[in-house]
Amino acid sequence: MITEIITEESIGTYIKVLKNEEIFGILDGRITGIGARNEETGLPQGVLTAEIHMEYILVRRIYIRPEYSGGETADGLIRIITDLPDDLKAPILLYGAEDTIDKGLLSRYGFTEMQSRYSLIQGELENYKEIRTPMKTYETATLDKAPIDQVQAFILGSDYDRFIQIPDGYLDVARFSDGSLVCLDHGRVAGVILMEEPDDGIRITYMHAKNNMVLLHAMYVLKRVLMSEYPPKARLQFLMKDGIGREAISVLMNPGAEKKVSIFRHEDGV
């Protein structure tokens, strides 16, 4: 078995075991990919993808092809991400909706579950309830056409989450969809909805406005943007911390389901 950092030159070997979001992230340098391949055939055995943040290393996904599930492949991939020089060591974390995580696999390879304050309310886009037209409307721009310096200042001036939402203390534009929404009031940022587009749906990661009128307008526009770009059965998720906003989002996404976000830490993390 050969293990290697996936580069632009070698990514073709792993195309069939990588998600689209991982491929684009590796190519633009936001995601680090580690691959394992059969030394004789050259075919991929598995991949591990991660993001290097200022305070921790986030393992996004560990995927092992079924025929290589005996242990060597996972051992090799995890060894690379955990066997770092002392000056590069950081806590190694992995998180996701509890029904999408193989807790047995993580436990076997040194990950232990931590207490989580996060959850996702999710449902299908067609279940996003109609919002009445707000009494006051605001200028709305997509993230790629908004004043980024103002958007970042607005977010950093809010009570944002420093673990999942904005882990490095700045707005990583490459991470979020260009279709994320920015509301402007007389030219100044008054509300922001940051959206991610993983392969399996749409995730609203950050949502904040200076008042409820701006937020209502943003949510009204958001539905129209999503309905114009995605099929009705697309999966839509809203991230919550400490249950803040649960009642409002539960009414908005009905029927919907709340799922705990599980967080795991590798035992060798500092």
Next on the checklist: If you average the C-alpha positions of the range 134-205 and of the range 31-73 separately, how far apart do those two centres end up, in angstrom?
Outcome noted: 31 Å
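Got a sec? How would M219, M213 order by Cβ neighbour count within 10 Å, fewest to most?
Values: M219 22, M213 18.
Exposure proxy ranking, most exposed first: M213, M219.
Taking the Cβ of each residue in V151, V47 as the centre, tally the other Cβ atoms inside 10 Å and list the residues starting with the fewest. It would help to have the intermediate numbers written out before the result.
Working: V151 20, V47 25.
The fewest-first ordering by Cβ neighbours comes to V151, V47.
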Checklist entry - Is the chain rounded, prolate or oblate when judged by the Cα gyration tensor, a ≥ b ≥ c being the square roots of its eigenvalues, rounded requiring a/c under 1.5 and prolate requiring a/b larger than b/c? => result prolate
Item to check | For the chain, calculated [θ]222 nm from helices alone, where every DSSP H run of n ≥ 4 adds -39500 (n - 2.57) | outcome: -6500 deg cm²/dmol
Checklist outcome for this item: XL table K210/K241; K16/K223; K89/K241; K136/K223; K19/K129; K145/K223; Cα-Cα > 21 Å flagged, in table order, is K16/K223; K89/K241; K19/K129
Checklist outcome for this item: Once amide hydrogens are built 1.01 Å from N within the peptide plane, the residues lying 5 or more places from A90 or on another chain with amide H under 5 Å from its amide H are V270
Next on the checklist: Taking the number of other C-beta atoms within 10 Å as the exposure measure, put M135, M1 in order starting with the fewest.
Outcome noted: M135, M1
Checklist entry - Antiparallel as a % of all DSSP beta bridges within the chain, to the nearest 5? => result 90 percent
Checklist entry - Is the range 2-90 best put as rounded, prolate or oblate by its Cα gyration tensor, with a ≥ b ≥ c the root eigenvalues, rounded for a/c under 1.5, and otherwise prolate when a/b is larger than b/c, oblate when not? => result oblate
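Using a simple charge model, +1 on the beta-carbon of Lys and Arg, -1 on the beta-carbon of Asp and Glu, nothing else, what dipole does the chain show about its Cα centre, in debye to the nearest 20? Don't skip to the end; give the middle numbers.
Working: 30 positive and 42 negative charges, 237 e Å.
Here the size comes out at about 1140 debye.
None of the figures in this text is laboratory data; all of them are computed from the coordinates on show. These numbers come from a predicted model, not from an experiment. Virtual Cβ from ideal backbone geometry, glycine too; neighbours counted across all protein chains shown.
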